[in-house]
Amino acid sequence: MSTNDSAVGLIYPNCLKESSDQPGEPMDVIELLQHHVDAFVENCPKPVILEAGCGSGGYLRFPEGSRIVGIDISQEELDKNTIVSEKIVGDIQEYEHEPNSYDLVICWDVLEHIPHPDKAFAKFCGAVKPDGLIVLAFPNVCSLKAIVAKMTPHWFHVKLYRLIYGKKYGSPGYITFPTVLHKFLKNGTIREFAQHNNLNTVVAESHESGVQKRFRRKFYLGDGVFRFFDKCLRLVTFGNVVLMDSDWVYLFRKSS
């Protein structure tokens, strides 16, 4: 495992604030990606957007006139989604999109739940237009959060989410999916795959997820305590496992 797999954000500093609009997600990460998306759509006033694994909603804003296509394996989640204008029930690992058909592809907190994230990413690479953007977000497989998630059963995840967010999680209308966390999601592997598929890395940012920060607040684990444990964990694992930088976000641009 290389140091780059667990390293702090390569391009932007860590994000510590949390969004009030999207509880559980760091505001700085969303603002950073929104800035790039806004700049992109200035030259693409009616973008065609794919929300892959869209669930019941999204994190980024798009201008009026955007055509947003949502694909999800759950009809129940699609039925609740009021953002997308076209809904597809399908598996993002297998669904065949028209080549070069989307200006922007977004896949947020989905790839960690599927057995073949490489297949899904390859589909995105083929579906996005030249000069188009791909946004990916998922846990850092080298974080303690991801290791615990991978080693514990799904019922444990449901109980933990109920502890953090309330009893609604895991009940009808609030679906939680099993966690796979394939090794393909390592930072170095993702970026190498992107390069081989004609994608340039615009943003590669590690940060602490909103879920983990809510967990810390629940048990009164302040930043100082957690950063101390983070340093100890990095020391005893020779930098191979981290605590604070629990997730990654990426923005790729396809070469023209």
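The values are calculated or read from the model by the stated rules, or taken from the named source; none is laboratory data. Only a predicted model underlies this, so the values are computations on that prediction, with no experimental measurement involved. Glycine also receives a Cβ, built like all others from the backbone with ideal geometry; neighbour counts cover every protein chain displayed.
Assorted remarks:
- Of all residues in the stretch 18-67 being loosely packed, with under 13 Cβ neighbours inside 10 Å and assigned to a loop (DSSP other than H, G, I, E, B), the one that is modelled with the lowest pLDDT: Ser20
- Within the stretch 68-108, tally of residues that are acidic (Asp, Glu) and at pLDDT below 95: 3
- Selection from the stretch 212-256 of residues that are within 12 Å of Cys142 (Cα to Cα), touching a strand residue (DSSP E or B) at 6+ places or on another chain (Cβ under 8 Å) and of a type in the set (A, V, I, L, M): Leu233, Val241, Val242, Leu243
- The residue list Phe252, Phe177, Phe156, Phe184 contains one member that is under 17 Å from the mean Cα position of the chain (by Cα) and closer than 22 Å to Ser74 by Cβ, which is Phe177.
- Selection from the stretch 68-83 of residues that are without any contact (Cβ under 8 Å) to a residue 40 or more places away in the chain and not in a loop (DSSP other than H, G, I, E, B): Ile68, Val69, Gly70, Ile71, Asp72, Gln75, Leu78, Asp79
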